[in-house]
Amino acid sequence: MAMLQIFRPFINSFRDLLPIILVIGFFQLFILQQPVPHLEKILVGVLMVVIGLTLFIRGLEMGLFPLGESMAYAFARKGSVTWLLLFAFSLGFGTTIAEPALIAVSAKAAEVAASAGAIENTRAAMESYAFGLRLTVALSVGFAIVVGVLRIIRGWPIQNLIVVGYLGVVIMTMFAPKEIIGIAYDSGGVTTSTITVPLVTALGVGLASSIKGRNPMTDGFGLIAFASLTPMIFVMAYGMII
């Protein structure tokens, strides 16, 4: 029984990955009708993914979620909206600028822009373009978390803000350069990844739990929606400026 408790997190992670494994295996063997290439390496890779996912989830439970919630409680007890909003912006900016998915997408976008002639095909130009894109997305997420925190504090309906935000996305799409639109839309997706989501979610839930009259279920969630929305607007503006 003790051994089962030890390996249960790994079993749960493998169960979560199993649908992906089955889909890939089905199409490889029955549709493409080809053997799996480098099967040994793939099995080792799957094992590493299971271990990594297990440790990552455990780390969230032990560290990031409690940290975000405790800091939200502390700022709410302090009673300073200014410091809370500054913390919210810093949290959104800091987690996003370090987001691995955003770093990868920014680097790839710089390579494509250089090969298409949109920027100079030099390492310095590509690094500058990638960093500018990351900085723009990070600023937009910081702004989004500030808006989300204000929504929780003031009790604003989330649907109204989301509708206004996507109207802004549609309007910006009409005027932005076509080369940046796809990157902008993808930037909205990559912000909601491994680092940003746990801390931002914990912040929202912790803040809603600590404010009288707010419900963690109805008011604590929704910050990630803003974090996905604002990068699209900011990146299209970035493309129009450069």
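Couple of notes before you dig in:
- Taking every Cα-Cα distance in the range 17-134 and sorting them into 5 Å bins starting at zero, the pair-distance distribution P(r) comes out as 2, 9, 10, 11, 10, 11, 14, 14, 11, 5, 2, 1, 0 percent.
- Accessible surface, the range 164-242, averaged per residue in Å² (probe 1.4 Å): 46 Å²
- Straight Cα distances below 29 angstrom link LYS178 to the lysines LYS108, with same-chain residues fewer than 8 positions distant left out.
- Between the beta carbons of GLN33 and MET240, assuming R0 = 45 Å, the FRET efficiency works out to 0.40 to the nearest 0.05.
- Computed over neighbours whose Cβ is under 14 Å from that of ILE119, the net charge equals -2, Lys and Arg +1, Asp and Glu -1.
- Of ARG214, ARG151, ARG58, the residue with the greatest mean-square motion in the GNM of the chain, using alpha carbon springs below 10 Å, is ARG58.
- Within the same chain, lysines fewer than 8 places from LYS78 are excluded, and of the rest, those with a Cα less than 25 Å from its Cα are LYS212.
- Remark: the range 1-146 carries 65 Å² of accessible area per residue (probe radius 1.4 Å; ligands, DNA and RNA excluded).
- For the peptides 176-189, 156-169, the ranking by packing is 176-189, 156-169, with the highest mean count of neighbouring Cβ atoms within 10 Å listed first.
- Apolar share of the accessible surface for the chain: 72 percent from carbon plus sulfur atoms, 1.4 Å probe.
- FRET efficiency, LEU55 to VAL164 (Cβ-Cβ, R0 41 Å, nearest 0.05): 0.55
- Label corresponding to volume of the Cα convex hull per residue in Å³ when calculated from the structure given, among (1) 128; (2) 142; (3) 185: (3)
- The simple spin-label model puts a point 7 Å past each Cα toward its Cβ; for PHE26 and TRP156 those points are separated by 4.4 nm.
- Placed amide H near THR191: partners under 5 Å, 5+ positions off or other chain: none
- Extension gain from ARG8 to LEU135, taking 0.36 nm per residue of separation minus the Cα-Cα distance: 41.7 nm
- Chain lengthening between SER209 and TYR185 when straightened (0.36 nm per residue, less Cα-Cα): 5.4 nm
The values are calculated or read from the model by the stated rules, or taken from the named source; none is laboratory data. Computed from a prediction, not measured in an experiment: that's the story for all the values here. FYI the Cβ positions are ideal-geometry reconstructions off the backbone, even for glycines, and counts take in every protein chain you see. Protein only, heavy atoms only, side chains kept; ligands, DNA and RNA dropped before computing areas. Shrake-Rupley method; radii C 1.70, N 1.55, O 1.52, S 1.80 Å.
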